[in-house]
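What follows is calculated from the coordinates using simple rules that are stated; it is not laboratory data. Just so we're clear, the structure is a prediction, and the values are computed from it rather than from any experiment. Glycine also receives a Cβ, built like all others from the backbone with ideal geometry; neighbour counts cover every protein chain displayed.
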Amino acid sequence: MPYAESQERFAETLAIIKRAWSEPSFSHSGKYFDFRNVHLMPKPYQKPGPEIRIAINSPDSFPAMGKQGYPIFAAVRVGTLSELAPNMRAYREAYRAAAHPSASKVFLRLPLYIAETNEQARAEPEQSIMHFYRWLGEQLEASASRAGARAIEQRAERGQRLQTITYEEALRDKVVVGTPEMVVDRLHALNDELGLDGILAEINCGSLIPHDRVMNSLRLLCDKVIPRFR
């Protein structure tokens, strides 16, 4: 699929999904899809449909999704935690300006790892986290030359930066690791800064952390971190 078509295809697909959820049958004639008298069975239990959350990354997507009134998933795969605040502000300002009937919602997708000691929490995921960001940097830089890549995304520059990032920089700008108490404090600080409605925790960023350690991190998250936010 040509990258230049991705945003238009996404918008058309989303419109189709919403119609399929809410209409008994419908027809569609668009730029990329064309069909007649289709039916979705069974329909979603929620009415008019499940909540749709849009994952976004580029700066111009934040006000665009705010204007359209969608809850969002933000992430720090390419940028940094410190860069999120102005983007969140732009999203909420556009949301308010559009006078949507419900409140805006922001969820943060975040690599997170917990262990009994800070030394373990820092050391155990290091190889996996650094592998992920090196790989992501390579993919991002390569995509910069594809047709449709936009200058605002700074793919080449950000890709090169990810390939040279240090682990200390990743710990500061991109991930949350530590003991349960440290993670609780960091998440509270992020919530104070960004005004979050929820966290999507990636507990095996890079997919190289051994299973037993992933399960221990998950257990600590469920037993000692999540209860502090109820």
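Between 185, 34, 197, which gets the highest mean-square fluctuation from a Gaussian network model of the chain, Cα cutoff 10 Å? Residue with maximal mean-square fluctuation among 185, 34, 197: 34.
Residues in region 20-36 carry Karplus couplings, in order, of 4, 5, 9, 10, x, 8, 7, 10, 9, 9, x, 6, 10, 9, 8, 7, 10 Hz; the curve used is 6.51 cos²θ - 1.76 cosθ + 1.60 with θ = phi - 60°, and Gly or Pro positions show x.
In the list (1) 17.3; (2) 18.4; (3) 19.8, the label attached to Kirkwood radius over Cα pairs in Å as derived from the coordinates here is (3). Of the chymotrypsin sites (Phe, Trp or Tyr not before Pro) found in region 33-66, those that fall in a DSSP loop while having at most 14 other beta-carbon atoms within 10 Å are 33, 45. When 171, 81 are arranged by Cβ crowding within 10 Å, least crowded first, meaning fewest neighbours, the order is 171, 81. Taking the Cβ-Cβ separation of residue 34 and residue 57 as r and a Förster radius of 25 Å, what is the calculated FRET efficiency to the nearest 0.05? My answer for the efficiency is 0.25. Each of 66, 1, 22 was scored by the projection of its Cα onto the charge dipole of the chain, and the greatest displacement toward the positive side belongs to 22; charges sit on the C-beta of Lys, Arg, Asp and Glu. Charge dipole of the chain (Cα centre as origin; +1 on each Lys and Arg Cβ, -1 on each Asp and Glu Cβ, all else neutral): 860 debye, rounded to the nearest 20. Straight-distance candidates among the aspartates and glutamates for linking to residue 47, with alpha-carbon spacing under 15 Å and chain neighbours fewer than 8 residues away dropped: 23. For the residues 213, 36, 122, a GNM of the chain with alpha-carbon springs under 10 Å puts the largest fluctuation on 36.
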